[in-house]
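Asker: A single structure is presented below for examination.
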Amino acid sequence: MSPPRPVALITGASHRVGRAIALELASRGCDLILHARHTATLAETHAAAESLGARCTRLAANLDDPALAEQLAADALAASPRLDILIHNASSYSATPLSSLAAEHALAHFRVNALAPLLLSRSLAPALAASSMPGGGAIVALTDIHALGRPRRDFAPYAMSKAALAQMVESLARDLAPRVRVNAVAPGVVAFPSSGPEASTDLQAAYLARVPLARAGTPADAAKAVAFLALDAHYTTGTTLRLDGGRWLA
């Protein structure tokens, strides 16, 4: 009798890195609970994952609201009492120059990037601890190398919130051991924004000039790193895998 298919909840699964993670896990034999702010935006991810053999459920929640983050956990358990993998991918990302910083905008970064993952992890920890996967249940968070000691100008609230998420990973690795492994992937650039200042080819060239591998990564690169930590790294917890083409060194 074959073992049950692992079930993974992926936040922010509608596009870019979240979509790539969903398709990678589907290709690795996982069933999926896909989250976005609006379920309609998940249609393409859902269809593509199903074409790879995954059974999918779509859930909506605005993670800027702590109550809705906790409701997402309840909805996920109602959709699938079994849960093996939790991927914290949803993110609030924007530049916030200090001269125009507003408290509410800064707090929004913390609610989405740090508090929501903490609340989801707390609520879903018992289900993850019951996982029969080799190595137990798994949590993987997407942090950022620029929140780990490589700060950029004008991104203080975002970087602070992602630094808090990185500390959550280390704290929960201790709190949830030995039944749940908790790790992170910290990308540099795996997909440049398609609009805004960072869509500038000059800015991108200047960034890549400091990357030893001389190119940006891809969402697929991030997805494979996440899948490794979730499915294969049975003796790894509390670790952050830098996915930056060597940018950390330059």
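Asker: Go through the stretch 187-218 and give me each residue that's closer than 18 Å to Lys162 by Cβ, modelled with pLDDT of 90 or more and not in a loop (DSSP other than H, G, I, E, B).
Answerer: Correct list: Pro187, Tyr207.
Asker: Report yes if Arg122 is surrounded by fewer than 18 Cβ atoms within 10 Å (Cβ to Cβ) and within 26 Å of Asp31 (Cα to Cα), otherwise no.
Answerer: The answer is yes for Arg122.
Asker: Can you tell me which residue is nearest to Val7 (Cα to Cα) among those in the stretch 197-246 that are out of contact with any strand residue (DSSP E or B) (no Cβ under 7 Å at 6 or more places or on another chain), surrounded by fewer than 18 Cβ atoms within 10 Å (Cβ to Cβ) and β-branched (Val, Ile, Thr)?
Answerer: That would be Thr218.
Asker: OK, next. So how many residues does the stretch 169-196 have that are buried (at least 23 other Cβ atoms within 10 Å of the Cβ), over 17 Å from His234 (Cα atoms) and not small (Gly, Ala, Ser)?
Answerer: 1
Asker: Also, quick follow-up: Look at Ala159 and say whether it is in a helix (DSSP H, G or I), small (Gly, Ala, Ser) and within 23 Å of Leu249 (Cβ to Cβ). Steps first, please.
Answerer: On the way: in a helix (DSSP H, G or I): yes; small (Gly, Ala, Ser): yes; within 23 Å of Leu249 (Cβ to Cβ): yes.
In short, yes.
Asker: Go through the stretch 91-119 and give me each residue that's part of a helix (DSSP H, G or I), out of contact with any Ser or Thr (no Cβ under 6 Å at 6 or more places or on another chain) and buried (at least 17 other Cβ atoms within 10 Å of the Cβ).
Answerer: Arg111, Leu115, Ala116, Pro117, Leu118, Leu119
Asker: Please list, ordered by first then second residue, the pairs with beta carbon atoms under 6 Å, 6 or more apart or interchain, first in the stretch 218-230 and more than 21 Å from Val169 (Cα to Cα), second of a type in the set (A, V, I, L, M, F, W, C) and part of a helix (DSSP H, G or I).
Answerer: From the stretch 218-230, the pairs are Pro219/Val17; Pro219/Ala20; Ala220/Ala20.
The values are calculated or read from the model by the stated rules, or taken from the named source; none is laboratory data. Computed from a prediction, not measured in an experiment: that's the story for all the values here. Counting neighbours? That spans all protein chains shown, and the Cβs are built from the backbone with ideal geometry, glycine included.
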